[in-house]
Amino acid sequence: MWDVLAASGATDAIKPGEHVRLAVRVTGADGYTAIVALAEIAPQFAGRPIQLADHLNGALLPDHGLRLVVPGDKRGGRSVREVVRIDIE
């Protein structure tokens, strides 16, 4: 996810010290929303491998959508299907 945010320029105006107070809100087509702390994915802080996946087991996801994957989550509550919006707040 960090690579996507950086490539889009979404993190350009954010000073590294601000990463600890910001969150990334990911919303799916069905309205389901999950929050990830920006510092959780920022390489200079936790750098967790949270992903926006477009494949599952080598095959494209249905409708070529994206899915938020948070490795290590025990219940998968932050798994968002068919991602349609990402906001940094």
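Every read-out reported here was derived from the displayed coordinates using simple, explicitly stated rules and does not represent laboratory data. Not measured: the values here are computed from a predicted model. Glycine also receives a Cβ, built like all others from the backbone with ideal geometry; neighbour counts cover every protein chain displayed.
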Considering amide H positions built from the backbone, and no H for Pro or chain starts, which residues 5 or more places from Leu61, or on another chain, come under 5 Å of its amide H?
His55, Leu56
Relative contact order of the range 2-88, pairs being alpha-carbon contacts under 8 Å that are 6 or more residues apart, as %:
31
May I ask for the equivalent-ellipsoid semi-axes of the range 2-88, computed as the square root of five times each C-alpha gyration tensor eigenvalue and listed largest first in whole Å?
22, 14, 13
Charged-residue dipole, Cβ positions (Lys, Arg, Asp, Glu), the range 2-88 about Cα centre, Debye nearest 20:
320
What list of ³J(HN,Hα) couplings, whole Hz, do you get for the range 78-89 from phi and the Karplus terms 6.51, -1.76, 1.60, once you set θ to phi - 60° and write x for glycine and proline?
9, 7, 10, 8, 6, 4, 10, 7, 9, 10, 9, 10
Karplus-derived HN-Hα couplings along the range 43-51 (A = 6.51, B = -1.76, C = 1.60, θ = phi - 60°), whole Hz, x at Gly and Pro
x, 7, 10, 6, x, 5, x, 6, 10
Considering the options Gly9, Thr27, Val70, tell which one lies farthest towards the positive end of the dipole of the chain, charges being +1 on Lys and Arg and -1 on Asp and Glu at the Cβ, about the Cα centre.
Val70
Can you give the helix-only mean residue ellipticity at 222 nm for the chain, where every DSSP H stretch with n ≥ 4 adds -39500 (n - 2.57) and the sum goes over all residues, rounded to the nearest 500 deg cm²/dmol?
-2500 deg cm²/dmol
The set of residues whose placed amide H lies less than 5 Å from the amide H of Ala37, leaving out same-chain residues fewer than 5 positions away, is Val24
Report the Cα centroid-to-centroid distance between the range 1-56 and the range 59-84 in angstrom, as an integer.
14
Extension reserve of the Thr33-Val84 stretch, reckoned as 0.36 nm per residue once the Cα distance is removed
17.3 nm
